[in-house]
Amino acid sequence: MIASLVLALALQGGLADRVAAASDGEVRFSFATRAGVCGNGRNVISLECDDGRCGRHRISSGNYYDDDAGCPCEPGPARVALQKRGGQVSRMRTYVGGAWRPAADARVTDLGPVPAVAAARYLLDLAARSAGDPGHDAVFPAVLADSVTVWPDLLRLARATAVPRETRRSAVFWLGQAAGEAATRGLTELVDDASVELEVKESAVFALSQLRRDGGVAALIRIARTHASPSVRKKALFWLGQSDDPRALALFEEILTGR
């Protein structure tokens, strides 16, 4: 375990140093994606894909109407293009699948394939220390990395008051997608933490509503019953209303009848 951590830190440090050493302009690198991630190499990335079918999460940019054509995707790699200006990362784009076009501009530095663990550590560090869009945009590609457990880092990001609010909200959203009891527990801790801002708490409630197989319903019911904030309780009730879960219906009956 210790050896793995040392290796991960060394790899991350190497990638950070290589990005820092690159000239201003575009800096590219790619890494392996986890199972179920696919993309069309341009404007669509899908999660939870299986046997040629896209899962319930599809992230797209620009116009994309081909929703009935199955899953026209390639299973990786993830490709990240950083824009550097004044020695700092100013913008980021992420693609899955496809390949880079030949660089027509000398201001393109291609670092090639990097280990997924190194990519995730670099991106999460960038999210923690960058203001504005670069920090916010770094969270998503970190979630795509193969063989990396990111939810503890996402939880730390969500709690970090020094991190910009939009980055923290992005961390909360993707924490909600990291299915499992541990992620659910982390989200409920965020909702209960008095030091966490109201908007971040409400984002955590939304993330609970998005857990697969109604995994967040029990937590939402507890929040709707007992949370000190009327706004947070109202959000929990709203998302319970979208769940079609019998437990939610029982709660509504209880509230409306005063039993």
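Structure notes:
- With the convex hull constructed from alpha-carbon coordinates only, region 114-259 shows a mean projected area of 8.7 nm² over all directions.
- Projected label points at E166 and A35, each 7 Å from Cα along the beta carbon direction, are separated by 3.5 nanometres.
- Note: relative contact order over region 100-234, using C-alpha pairs below 8 Å and six or more positions apart, is 16 percent.
- Residues of region 152-166 with amide N under 18 Å of the 7 Å Cα→Cβ point at S229: 155-166
- Separation in nanometres of the label points that stand 7 Å from Cα toward Cβ, at F238 and E254: 2.3 nm
- Extension gain for A16-R185 works out to 57.7 nm (0.36 nm per residue, less the C-alpha to C-alpha distance).
- Neighbour counting of Cβ atoms within 10 Å sorts the residues D105, D17, D192, fewest neighbours leading, into D105, D17, D192.
- Among 215-224, 138-147, the peptide with the highest mean count of other Cβ atoms within 10 Å heads the list, and the full ranking is 138-147, 215-224.
- Compactness of region 78-122 as Cα Rg over 2.2 N^0.38 Å, two decimals: 1.22
- Of C38, C73, the sequence from fewest to most neighbouring Cβ atoms within 10 angstrom is C73, C38.
- Every Cα-Cα pair in region 75-176 was counted, and those over 16 Å apart are 57% of them.
Bear in mind that the values in this text are calculations on the coordinates, not laboratory data. From a predicted model like this one, the values you see are computed outputs, not experimental measurements. Note that we place each Cβ from the backbone using ideal geometry, even for glycine, and neighbour counts take in every protein chain shown.
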